[in-house]
1. Given the options Glu355, Glu249, Glu82, which has the most mean-square fluctuation in a GNM of the chain, springs set between C-alpha atoms less than 10 angstrom apart?
2. Can you give the FRET efficiency to the nearest 0.05 for Asn209 and Ser178, using r as the Cβ-Cβ distance and R₀ = 60 Å?
3. Roughly what % antiparallel, to the nearest 5, for the DSSP beta bridges in the chain?
4. How large is the dipole of the chain about the Cα centre if only Lys and Arg carry +1 and Asp and Glu carry -1, each at its Cβ, rounded to the nearest 20 debye?
5. For the range 192-231, what is the relative contact order in percent, using Cα pairs closer than 8 Å and at least 6 residues apart in sequence?
6. Grab the eigenvalues of the alpha-carbon gyration tensor for the chain, scale each by 5, take roots, and send me the semi-axes largest first in whole angstrom.
7. How many percent of Cα pairs in the range 73-191 exceed 24 Å?
8. Within the set Lys196/Lys368; Lys188/Lys340; Lys113/Lys166; Lys124/Lys259, which residue pairs have Cα atoms separated by over 32 Å?
Amino acid sequence: MGNGKIIEKQADGSLEVPELPEIPFIEGDGIGPDIWRATRMVIDSAVQKAFDGRRQISWLEVLAGEKGFEKTGNWLPDETLETIRNHAVAIKGPMTTPVGKGIRSLNVAIRQKLDLYACVRPVKYIESVPSPMKRPENINMVVFRENTEDLYAGIEFQAGSAEAAKMRSFLNEQMGTSLSADTGIGIKPISATNTKRLVARAIAYALENGFSSVTLMHKGNIMKFTEGAFAQWAYEVAKEKFSDHTITENELYDQFEGKQPHDKLVIKDRIADMLFQQVLLRPGEYGVIATPNLNGDYLSDALAAQVGGLGMAPGANIGDRCAVFEATHGTAPKYAGLDKVNPSSLILSGAMMLEHMGWREASELIRKALQATIQSKTVTYDLARQIDGASEVKCSEFARAIVDRIG
Ligand code: NAD
């Protein structure tokens with residue numbers, strides 16, 4: 001196409017989306033091209049159907065991962081980052097982490113370089129998807145994981161290195177610790193600024209989308225000045241920015257006898273290990289969950305398993321400047337090019353992208369058609385082996401079945 005227009009970000013943070021927006025995509029490595037082709041077909045047909053051809057996406061390929069390396073000699077070209085930054089919205093398939101090539105993870109690099117500070121993972125049960133839960137229909141949570149700091153900041157010193165020795169002597173001599181010479185050291189930075197912007201986004205999302213609570217997941221009983229501070233700063237930002245719309249769990253019982261006023265969002269906190277039990281035993285009590293980086297990584301994969309696994313779990317990385325929607329699984333190299341895997345994770349991420357753009361009519365068509373396709377037991381191998389009487393189809397056939405239902 002090539003005559004698409006850029007989505008502009010307004011001063012108040014909202015998006016001005018033209019009828020023909022240009023959206024960059026990274027197709028990804030391994031199974032990436034298969035699931036991207038399937039996703040693009042589904043998104044295009046939903047947009048066409050929802051808006052009668054008045055709106056259309058002009059896709060713009062940008063290079064990264066193996067394809068980026070082959071064509072430019074660079075795993076993550078600056079031009080790709082610049083294009084995504086300018087376009088406000090982008091979508092990507094999974095990318096190989098180049099082992100021993102100097103980059104820890106391309107995905108982590110994209111999040112950090114574009115300051116995509118909120119990793120947003122909705123976890124909602126889709127009827128008929130096999131689940132290990134007794135009542136999976138009670139699951140409707142959205143994890144807001146801080147994306148830029150915590151142990152993922154990459155401040156690590158290998159045991160035996162000169163850097164570790166320097167850190168160790170500083171800590172032992174000046175800070176009263178007694179670390180042995182064979183200790184590796186990792187630093188866990190958690191700041192008020194980054195905590196508050198993440199939690200403010202989580203609260204705003206909960207209010208806009210009708211959730212009744214935001215739970216702060218932390219391990220502050222042990223890590224008081226990092227995870228404990230996260231919870232404290234989170235409560236502060238709720239008071240500073242949302243005092244008319246939020247109450248704490250203590251206020252719920254002290255002032256409202258435990259009966260939640262319909263116009264108030266409850267802010268509560270739970271210790272991380274306990275929350276892993278709670279989301280299994282009482283999932284209905286949790287809606288939006290805001291948490292530091294490492295907790296969020298563990299929790300979002302565990303929750304994904306409760307509603308059908310990583311092949312079904314969508315995700316987005318969102319910052320103030322731009323947002324990148326992505327499949328949450330990896331490149332599954334053994335299935336690369338076989339047209340076999342489940343494209344639902346990327347398709348549902350595409351639906352999230354359309355919602356972010358305000359094109360809800362199209363995202364709803366996708367969600368309904370995907371659910372109906374799974375209910376009809378027309379599914380890829382991963383679901384087929386768990387559903388009695390299922391007919392196993394290829395990745396592209398699954399997408400075609402969704403498109404037929406949209407049409
Ligand atoms: P993976 O998610 O690629 O695959 C693990 C297994 O999960 C697969 O073998 C397959 O059985 C199943 N699976 C994954 N996606 C599926 C789908 N859509 N449908 C059906 N089954 C699916 O994890 P891995 O093997 O640990 O990682 C492979 C590569 O992907 C590594 O290079 C890793 O660094 C990278 N990775 C990238 C991302 C990302 O781009 N966001 C995330 C995780 C891993």
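Throughout, read-outs are computed from the coordinates displayed, never taken from laboratory work. If you're wondering where the values come from, they're calculated on a predicted model, not measured in any experiment. Cβ placement follows ideal geometry from the backbone for every residue including glycine, while neighbour counts extend to all protein chains displayed.
1. Largest GNM mean-square fluctuation: Glu82.
2. 0.75
3. Looking only at bridges with both residues in the chain, the antiparallel portion is about 40 percent.
4. 480 debye
5. Dividing the mean separation by the residue count of the range 192-231 yields 32 percent.
6. Rounded to whole Å, the semi-axes are 34, 28, 22.
7. In whole percent, the share of Cα-Cα pairs in the range 73-191 beyond 24 Å is 53.
8. Over 32 Å apart, Cα to Cα: Lys196/Lys368; Lys188/Lys340.
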